[in-house]
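In what follows, a single structure is set out as structure tokens and then discussed.
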Amino acid sequence: MRYAILGAGGMGVQYGVLLQEHAHADVDFIDAWTPNVERIRAQGGAYVSQDGEGRHLVPIDVYYPEEYDGDPDVWIVFVKQHQLPGLLERVSGCIRPRHHVFSAMNGYGHFEHLAEYFAKDHIYGGTALIGAYVYGPGDFNFTGGVHAKAMHMCAYDGHDAADDPVELALYRDFQAATLNPTIAPHFLGMCFAKIVFNSVLNTLCTMYEIRFGEFAEHPSAPVLTRRLVDEAYTAAERAGITLPGTRESEVETIMHTAAVAHPLHYPSMYQDLTRCRPTEVDYINGYIARLGRGHDAPCPLHEFVTHEVHLAEHAFAIHHPDIATQQAIDGR
């Protein structure tokens with residue numbers, strides 16, 4: 001199949017490059033960050049490395065949204081939640097009724113926007129325990145080797161994958177690309193489990209500017225993890241969301257990912273913080289807090305963490321005015 005990657009950041013480039021190199025797929029990349037597009041074009045592709053090693057140039061085709069006129073079978077979307085509405089509008093002229101879309105973005109809120117442009121039975125959601133880091137424009141690092149990567153996918157409208165040849169082809173391409181996909185039975189449960197995961201590691205590691213492994217080393221890590229997981233699971237249960245595991249298995253997954261699978265990883269939220277970009281905490285901890293409020297299951301810890309991350313954004317900009325100024329110039 002032919003793919004269009006909307007968002008040539010760490011995750012978009014990783015998915016696209018792996019599909020291109022291992023599944024031998026035709027892949028186009030679309031991005032709105034001018035320094036990134038111009039650097040990729042100037043150097044003839046994107047530099048990629050794995051866990052900081054083996055840096056090499058991979059030729060890729062990158063377009064600004066208004067330039068793109070391709071006809072992909074599947075769009076793969078990896079942009080920030082607040083960027084999505086504008087970028088979808090900018091590529092809307094290229095979206096056709098036959099097109100499908102897959103997204104494993106962090107947080108929740110993007111599927112409603114995708115449904116404005118794609119048929120509901122053409123939308124696939126996903127979650128990715130796959131790390132990436134952007135060193136700078138056109139320079140990307142993938143974290144965690146082949147056996148550390150894992151992802152889930154599920155049709156947005158809940159239809160059976162066995163009846164959908166596009167979903168099965170997408171699954172096979174993800175397999176070939178070493179992304180280790182699993183087709184999940186419950187869409188909302190799949191999405192919420194990843195939100196819970198991110199509500200611990202992304203937010204806490206971002207606030208304290210540490211890697212996953214450095215979080216796991218601290219004796220308070222399991223305690224903090226359990227308390228945030230408990231609040232989130234109670235909210236999900238009250239909302240009638242079927243989760244794929246238990247509170248205990250979620251805590252184990254988070255701690256294993258931090259300590260063993262991706263100890264060197266900085267979350268994407270940290271990367272936003274240290275570039276003075278808005279974080280997605282409102283779509284992660286904030287989403288859990290809103291869900292709890294709506295179902296008589298208050299989540300004071302998630303409310304508190306949401307405010308703490310916004311304070312961390314404010315503080316980082318105060319301490320690094322040069323980065324804040326450059327971010328205002330770059331406009332991303």
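Seen from all sides and averaged, what is the projected area of the convex hull of the Cα atoms in region 29-176, in nm²? Can you show the working numbers first?
Values: hull surface 36.6 nm².
Result: 9.1 nm².
Pop out the carbon and sulfur fraction of the accessible area of the chain as a percent, whole number, probe 1.4 Å. Before the final figure, lay out each step's value.
Working: 7380 of 13760 Å².
Heavy-atom surface of the chain belonging to carbon and sulfur, 1.4 Å probe: 54 percent.
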Amide H to amide H under 5 Å from Val77: which residues, 5+ apart in sequence or cross-chain, H placed 1.01 Å off N in plane? Leu6, Phe102, Ser103, Ala104
How do the peptides 10-17, 222-229 rank, highest first, by the average count of neighbouring beta carbon atoms within 10 Å per residue? 10-17, 222-229
Amide H of Phe140 versus every other amide H placed in the peptide plane: which residues, excluding those fewer than 5 positions away on the same chain, fall under 5 Å? Tyr47, Val48, Ser49, Tyr135
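Apply the membrane-span-like helix rule to the chain: whole DSSP H runs, Cα extent along the own long axis of at least 15 Å, mean Kyte-Doolittle hydropathy at least 1.0. List the helices found. Could the numbers behind the result be given before it?
Values: long enough: 10-22 (17 Å, 0.13); 165-176 (16 Å, 0.02); 187-208 (32 Å, 1.30); 221-239 (27 Å, -0.17); 300-319 (28 Å, 0.13).
Helices meeting the span and hydropathy rule in the chain are 187-208.
Any number yet on Rg/Rh for region 137-262, C-alpha, Kirkwood? Before the final figure, lay out the partial values.
Working: Rg = 16.2 Å, Rh = 16.1 Å.
Value, to two decimals: 1.00.
Counting alpha carbon pairs within less than 8 Å and at least 6 residues apart, what relative contact order, in whole percent, applies to the chain?
Details: 622 pairs, mean separation 53.5, N = 332.
Across the chain, relative contact order equals 16 percent.
Using the C-alpha gyration tensor of region 1-103, what are the square roots of 5 times its eigenvalues, in whole angstrom, with the largest one first?
Values: eigenvalues 94, 47, 31 Å².
Semi-axes from the Cα gyration tensor: 22, 15, 12 Å.
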Compute, for Asp69, the solvent-accessible surface of its heavy atoms (probe 1.4 Å) with the complete set of protein chains present, and express it in square angstrom to the nearest 10. 120
Roughly how far apart, in whole Å, are the Cα centres of region 11-61 and region 182-203? 27
Heavy atoms of the protein only, probe of 1.4 Å, neighbouring chains included. What is the accessible area of Ser220 in Å², nearest 10? 50
At q = 0.20 Å⁻¹, the log10 of I(q)/I(0) for region 40-86 from a Debye sum over equal Cα scatterers comes to -0.96
If you count, for each residue, the other Cβ atoms within 10 Å and average over each peptide, how do 106-115, 248-257 line up from highest to lowest? 106-115, 248-257
Just for the Cα atoms in region 1-51, what are the lengths along the principal axes, largest first, rounded to whole Å? 28, 25, 18
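Once you order the gyration tensor axes a ≥ b ≥ c over the Cα atoms, which shape class does region 263-332 get: rounded for a/c under 1.5, otherwise prolate or oblate by comparing a/b with b/c? List each step's numbers first, then the result.
Values: a/c = 2.57, a/b = 2.19, b/c = 1.18.
Because a/c hits 1.5 or more and a/b exceeds b/c, region 263-332 counts as prolate.
The values are calculated or read from the model by the stated rules, or taken from the named source; none is laboratory data. Quantities reported herein were computed from a predicted structural model and do not represent experimental measurements. Cβ sites come from the backbone with ideal geometry, for glycine too, and all protein chains shown count toward neighbours. Quick note on the areas: whole protein, heavy atoms, side chains included, nothing else; ligands and nucleic acids left out. Shrake-Rupley method; radii C 1.70, N 1.55, O 1.52, S 1.80 Å.
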